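Below: the structure, in structure tokens.
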Amino acid sequence: MSHDLSLAQSHAFQLSRDLMVPVTLFTVDGQYGVLPSGEIEPDDVLEIVHEYTPWP
């Protein structure tokens, strides 16, 4: 988790490109995190910031 949005965005974009899967940037309690989109459950308490895809 990170408090720096620009750092989290950079990591999310790179993770998406490395894994070649969509990843989601989210925030919880003022901290940012990144997970592959397929691992997020509908009942998770997350505020989604952006979803990154490796394809244009």
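The values are calculated or read from the model by the stated rules, or taken from the named source; none is laboratory data. Please read these numbers as outputs of a predicted model, since none were measured by experiment. For the accessible areas, the whole protein counts, side chains as well, though only heavy atoms, and no ligand, DNA or RNA atoms are used. Shrake-Rupley method; radii C 1.70, N 1.55, O 1.52, S 1.80 Å.
Before moving on, here are some points about what is shown:
- If the condition is being over 19 Å from M1 (Cα atoms) and under 13 Å from the mean Cα position of the chain (by Cα), then segment 36-56 contributes T53, P54.
- In segment 16-56, the qualifying residues are those that are of a type in the set (S, T, N, Q) and part of a strand (DSSP E or B), and the one that is least open to solvent (accessible area, probe 1.4 Å) is T24.
- Per the conditions (1) assigned to a strand (DSSP E or B); (2) open to solvent by 100 Å² or more (accessible area, probe 1.4 Å), the sole criterion not satisfied by H11 is (1).
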